[in-house]
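Here the structure is laid out as structure tokens; the discussion comes afterwards.
Bear in mind that the values in this text are calculations on the coordinates, not laboratory data. The model shown is predicted, which means the values in this text are computed figures rather than measured ones. Here the Cβ positions follow ideal geometry from the backbone for every residue, glycine too, while neighbour counts run over all protein chains shown.
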Amino acid sequence: MTDLSGRVALVTGGTRGIGLATVRALVDAGATVVLTGRDEARAKEAASAAGAAAGLALDVTDAKAVSSLVRGVAKEHGKLDVVVANAGIMEDALLGMIREELVDTTLSTNVAGTLHTVQAAARAMMRKKTGSIVVLASIVGEYGSAGQTVYAASKAAVANIARSAAKELGRSGIRVNAVAPGVIETDLTAGLSEDAKAENAGKTPLGRLGRAEDVANAIRFLVGDEASFITGQVLGVDGGLVL
Ligand SMILES: NC(=O)c1ccc[n+]([C@@H]2O[C@H](COP(=O)([O-])OP(=O)(O)OC[C@H]3O[C@@H](n4cnc5c(N)ncnc54)[C@H](OP(=O)(O)O)[C@@H]3O)[C@@H](O)[C@H]2O)c1
């Protein structure tokens, strides 16, 4: 298993779902992990349940808050080795039903929030000339999905944040990759009907929906030394759904 002993990691949106599973996976690998969520009490509770070093309040749409929190974590722990920009939202709307507010909240959380996190991570890692960043894309961002135009656009942008940042930061020893999960059973997909879940599981060669741990394990691999020559990639974690 990937060994992250002595590494300091930050996971945004670590209070539940894929983020919380990632926190647990990084803690299991020996890392000191700080997680964030929008509500301080919920973040502290999740941190204590997962064995993380701290749970802090952060809204990733606030660029200044992201910058200051990332700087603070790096200062307190002397460095920052790993950042997982996981915080994200998904709301479906058919083209004719898309409200301006949905566009604003989706793009400010998924695109600007990821960008703020990657920027702040790069600044913190630059001094030590080493680090690894993972962002959360989606198969929907790679292939599109009816009723998810706004979300799909936001996740295509996230994948290209990874590719572009990887090109820019490679010479500084910083790797940037994305994972593109399929349908993973978390709060985000809890609204899917049982029929839709069964249909997606049926279309998946591995015959089931994904678990948060499936994605967390891929993230743990990407941030560790076993992936030291991998950067700018978008790794599908979808059971073969889009083959
Ligand atoms: N589940 C899937 O099938 C799937 C598929 C592809 C990609 N993804 C992506 O994977 C990531 C995690 O998804 P999930 O399924 O684990 O979702 P989830 O269970 O809904 O959890 C979302 C997390 O993001 C945090 N968050 C949301 N908005 C935030 C904001 N403005 N600032 C800071 N934190 C915020 C939430 O924290 P609080 O609510 O505590 O603030 C929560 O911890 C997302 O980027 C999602 O788009 C998921």
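Per-residue 3J(HN,Hα) values for the stretch 147-155, derived from phi via the Karplus relation 6.51 cos²θ - 1.76 cosθ + 1.60 with θ = phi - 60°, read x, 10, 4, 5, 4, 4, 4, 5, 7 Hz in sequence order (x marks Gly and Pro).
Order by neighbour count: ASP214, ASP3, fewest other Cβ atoms within 10 Å first, most last.
Working: ASP214 21, ASP3 12.
Final ranking by Cβ density, sparse to dense: ASP3, ASP214.
Computed 3J(HN,Hα) for the stretch 209-221, one whole-Hz value per residue from the Karplus formula 6.51 cos²θ - 1.76 cosθ + 1.60 where θ = phi - 60°, is 7, x, 10, 3, 5, 4, 6, 4, 5, 5, 5, 4, 4, glycine and proline marked x. The relative contact order of the chain, computed from alpha carbon pairs under 8 Å that lie at least 6 residues apart in sequence, is 19 percent.
Among the listed pairs LYS155/LYS197; LYS75/LYS128; LYS128/LYS167; LYS44/LYS197; LYS167/LYS203; LYS79/LYS155, those whose Cα-Cα separation exceeds 24 Å are LYS44/LYS197; LYS167/LYS203; LYS79/LYS155.
Under 5 Å from the amide H of ARG38 lie the amide H atoms of LEU58, each residue being 5 or more positions distant or on a separate chain, with H modelled from the backbone and absent for Pro and chain starts. Dipole check for the stretch 8-237: with +1 at the C-beta of Lys and Arg, -1 at the C-beta of Asp and Glu, and the Cα centre as origin, the magnitude is about 1060 Debye. In this structure the amide hydrogen of SER138, modeled in the peptide plane, comes within under 5 Å of no amide hydrogen from residues 5 or more places off or on another chain. Summary of the geometry: the stretch 218-243 and the stretch 61-101, compared by the centres of their Cα atoms, lie 20 Å apart.
The string of couplings for the stretch 88-102 from the Karplus curve (6.51, -1.76, 1.60, θ = phi - 60°) is x, 10, 9, 9, 7, 6, 5, 3, x, 9, 6, 8, 4, 4, 5 Hz, one whole number per residue in order, with x for Gly and Pro. Extension gain, ILE89-VAL242: 0.36 nm per intervening residue step, less the Cα-Cα distance, totals 52.9 nm.
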